[in-house]
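Chemist: Handing you this structure, nothing more for now.
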Amino acid sequence: MTLILIWLTVSNWFTANKLHLNSKKTTAVLFRPYQKKTCENPNGIMLLNNFIPFAESALFLGIEIDCNLSWSHHIDSTCRKLARGTGIILKLSQFLPKNILLTIYNSLVLPFISYCSIVWGNASAVHINKLFVIQKRIFRAIDHKSKLDHSRPIFFRYNSLTIFDIVKFQISVFMYKFSKNLLPNSFVNYFSTYSHSYSTRHNSNYVLPFYKLFLSQRNIGFLGPITWNCIPVHIKNSSTVSSFKRHFKTYLLSGYD
């Protein structure tokens, strides 16, 4: 579908639903692979007699979505938001007990790292590592360790996950809910299991879909089965979401010590 047809479809939808487009609060984003450049209407489009400028990224429900789906804009924005919480912890680390500092981390830092990380946490490790560096700095300050000390034992000591495992945790919870039919109906046929006429240890695993583009391999449709298939069976068989979260977090932390 060409851009012109897309604009016409959007215009018709607005007209049919008697909606007014606020051009002052609207931007358009052309999503494309990083290597692919576009020269089609580079400045913007006319929609319902309003000029809508093109932007490199757009904010949606607190997530900054860039045109290449690299999530670099959102991660850089998150790093800036973490500056306040990080500064508070570093300044108070010499005066407050460790449990209070951990509470500050869980209140001022963790929510920004965890929010919708199932969506943007599939970004390149180069971008995700920026958040990991901030995490390590915070926990070393809480535990009064130098920057040369290994960070994973510190995370283990405070029962806290790294950003990489926070993403893995959220993906796994999503997959557990799918396996128990706890997701909205739109996800009913999102994944498929291996079909055998006999019982095997892979019965609870999901088929890995084929995607030609590397960018497509970063979505939940690809990462979900990969993550789920690596989880021990006894954890997959948890009876409730809360018990699954508890057992899986313990499993992840066991690799830190």
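Just so it is clear, none of the values below were taken in a lab; they were calculated from the coordinates. Values in this document were obtained by computation on a predicted structure and should not be read as measured data. Don't worry about glycine lacking a Cβ; one is built from the backbone with ideal geometry, like all the others, and counts go over all protein chains shown.
Chemist: Taking a temperature of 25 °C and a viscosity of 0.890 mPa s, what whole-number D in µm²/s does Stokes-Einstein yield for the range 9-168 with Rh from Kirkwood over alpha carbon pairs?
Modeler: Diffusion coefficient, whole number: 134 µm²/s.
Chemist: Another question about this same structure. Want the number for Leu5 to Phe187: 0.36 nm per residue separation, take away the alpha-carbon distance, what's left?
Modeler: 62.7 nm
Chemist: For the charge dipole of the chain, defined by +1 on Lys and Arg C-beta atoms and -1 on Asp and Glu C-beta atoms about the Cα centroid, which residue among Pro97, Ala141, Pro209 has the Cα displaced farthest towards the positive pole?
Modeler: Positive-most Cα among the choices belongs to Pro97.
Chemist: Among 67-75, 224-232, how do they line up from the highest to the lowest mean number of other beta-carbon atoms within 10 Å?
Modeler: Order by mean packing, descending: 67-75, 224-232.
Chemist: Farthest toward the dipole's positive end in the chain, which of His74, Thr162, Leu5, given Cβ charges of +1 (Lys, Arg) and -1 (Asp, Glu) about the Cα centre?
Modeler: Positive-end residue among those listed: Thr162.
Chemist: What dipole magnitude, in Debye to the nearest 20, does the range 53-128 give about its Cα centre under +1 on Lys/Arg Cβ and -1 on Asp/Glu Cβ?
Modeler: It comes to approximately 460 debye.
Chemist: What is the magnitude of the charge dipole of the chain about its Cα centre, with +1 placed on the Cβ of each Lys and Arg, -1 on the Cβ of each Asp and Glu, and no other charges, expressed in debye to the nearest 20?
Modeler: 560 debye
Chemist: Let me ask something else. Run the count for the range 128-257, please: Lys pairs, Cα-Cα under 17 angstrom, 8 or more apart or on different chains.
Modeler: 14
Chemist: Taking springs between alpha-carbon atoms closer than 10 angstrom, which of Val173, Val126, Val109 fluctuates most in the Gaussian network model of the chain?
Modeler: Evaluated over the chain, the most mobile residue of the options is Val126.
Chemist: With n ≥ 4 as the cut-off for DSSP H runs, can you work out [θ] at 222 nm for the chain, using -39500 (n - 2.57) per run divided by the number of residues, rounded to the nearest 500?
Modeler: Counting only the DSSP helices, I get -14500 deg cm²/dmol.
Chemist: At Thr240 and Asn17, where each label point lies 7 Å from the Cα along Cα→Cβ, what is the point-to-point distance in nanometres?
Modeler: According to this spin-label approximation, the distance is 3.8 nm.
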